[in-house]
1. Could you tell me which GluC sites (Glu not before Pro) in the stretch 99-196 are loop residues by DSSP with no more than 13 other beta carbons within 10 angstrom of their beta carbon?
2. Using just the C-alpha positions of the stretch 211-266 as equal point scatterers, what log10 of I(q)/I(0) does the Debye formula give at each q in 0.25 1/Å?
3. Show me the GluC sites (Glu not before Pro) within the stretch 230-292 that DSSP assigns to loop and that have at most 14 other Cβ atoms within 10 Å of their Cβ.
4. So what's the gap between the Cα centers of the stretch 142-172 and the stretch 328-347, to the nearest angstrom?
5. Between LEU219 and SER118, what is 0.36 nm times their sequence separation minus the Cα-Cα distance? Round to one decimal in nm.
6. For each pair in LYS87/LYS232; LYS107/LYS337; LYS87/LYS224, compute the distance between the two Cα atoms and list the pairs where it is over 30 Å.
Amino acid sequence: MGNCWGASIKAFQSQSSIRPSSTGMSKNNSNEGLQGSSGFSSSKEEVFPEGQILPTPNLRIFSFAELKTATWNFRTDVILGEGGFGKVYKGWIDEKTHGHVKSGSGKMIAVKKLNSESLQGLQEWQSEVNFLGRLSHPNLVKLLGYCWEDKNLLLAYEFMPKGSLENHLFRRSAAFQPLSWNIRLKIALGAARGLAFLHTSEKQVIYRDFKASNILLDLDYNAKISDFGLAKNGPSGEASHVTTRVMGTYGYAAPEYVATGHLYVKSDVYGFGVVLLEMLSGQRALDTNRPAGQVNLVDYAKLYLSERRKLLRLMDPRLEGQYPSNGAMQAAQLTLKCLAPEPKNRPSMKEVVETLEQIQAIKDRPTESRTNPVRPVHHPTSNGHQYHKHNRTPLHPKRNGINGGARAHQLPHPILR
Ligand SMILES: Nc1ncnc2c1ncn2[C@@H]1O[C@H](COP(=O)(O)OP(=O)(O)OP(=O)(O)O)[C@@H](O)[C@H]1O
Ligand SMILES: [Mg+2]
């Protein structure tokens, strides 16, 4: 393990000017990769609304002590969430000096701390620094800096006050009120613009882990994509795909990728389609609490997307019928296209953005699904307090079905025929 760790660091050093810091030293003026150590560049988005790729990561190096203080010693009551990489904490730093501030004052940040047991942590951390440190776009979350001291690997991001789309769609609590149709569209459009930027940038980037938990929201529900741990540069030269070890999240990964390891730009479009389906239906991509045959959302819900009447049964009851029926139908058709089995039949993210803009312009009367005697598909009444750990990485193509069907006999009788 020790050897493996060292080898990875070496490989990373050869492609980046970032170096580990020695414990306790302040790195404010010794970082080759850092541009403008006086602070975070905050006006980039105003100057480059379409986004830009920086020649080198524009990041601040934090000392472990700084991030420890910022997060009140990684106190449990400032934990924002936890993923495969480790826990995410809320923190506070001084806006100008980025140093210590009195508790609860200053600029809020989010600090992701590598779990010491995480095996892929270093690689994901490197990828995050290399990609997110250089990519700048209004729909990508801002990586502010990082800490690398001994085996402590941390990342510091802009704080996203409304948390993840996943929480808003699936958590039941006062903090997460149902999202309206317009807000859902706004989020979908923001996230689509972020992906389109990655796909059309000069060094095409395949994101590889598009899912609701990786879409973060600011106070106005502007969506920003986070987590570039699995991102890859797109195919070079004549090639149409990259072959990689299959990594990603069950329920979101494209079928061709799971089956062959061939990763296309259009594999991200499939993941986008799954998130659109989650937004329309209010149901998780994968949920073993649903009836047998409905565990995988795409497998069963696709059948409901092509007909208006069927779609009514699928739509999220939390929308209370407050959406334009034509808009919903067009969004359903777009979802179907994104979920096309063949990557080449899926639209580009640029086309997805254009279609979503057209749907956003639709202002027809809401449907009357509330009063319609339609029989809805199974919608869980309360999954608010369930903690869904993502079944992420690596995906095994030959795995015998999701969850192996082991729980099927415990599930209620399916409503679908
Ligand atoms: N910049 C941020 N601002 C506010 N909350 C954040 C931020 N980054 C992450 N979070 C919160 O922390 C949670 C965990 O995020 P994390 O990316 O580590 O895991 P995940 O996306 O749930 O799973 P995975 O490890 O598969 O990506 C998120 O769901 C979100 O609620
Ligand atoms: Mg994440």
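No value in this document is a laboratory result; all are computed from the given coordinates. For clarity, every value in this text was computed on a predicted model and none was experimentally measured. Cβ placement follows ideal geometry from the backbone for every residue including glycine, while neighbour counts extend to all protein chains displayed.
1. Details: sites: GLU117, GLU124, GLU128, GLU149, GLU158, GLU166; in loops: GLU117.
Qualifying residues, ordered by number: GLU117.
2. For the stretch 211-266 at q = 0.25 Å⁻¹, log10 I(q)/I(0) is -1.05.
3. Listed in order of number, the matching sites are GLU238.
4. A separation of 30 Å, based on Cα centres.
5. Gain in length upon complete extension: 33.2 nm.
6. Cα-Cα > 30 Å for LYS107/LYS337; rest within.
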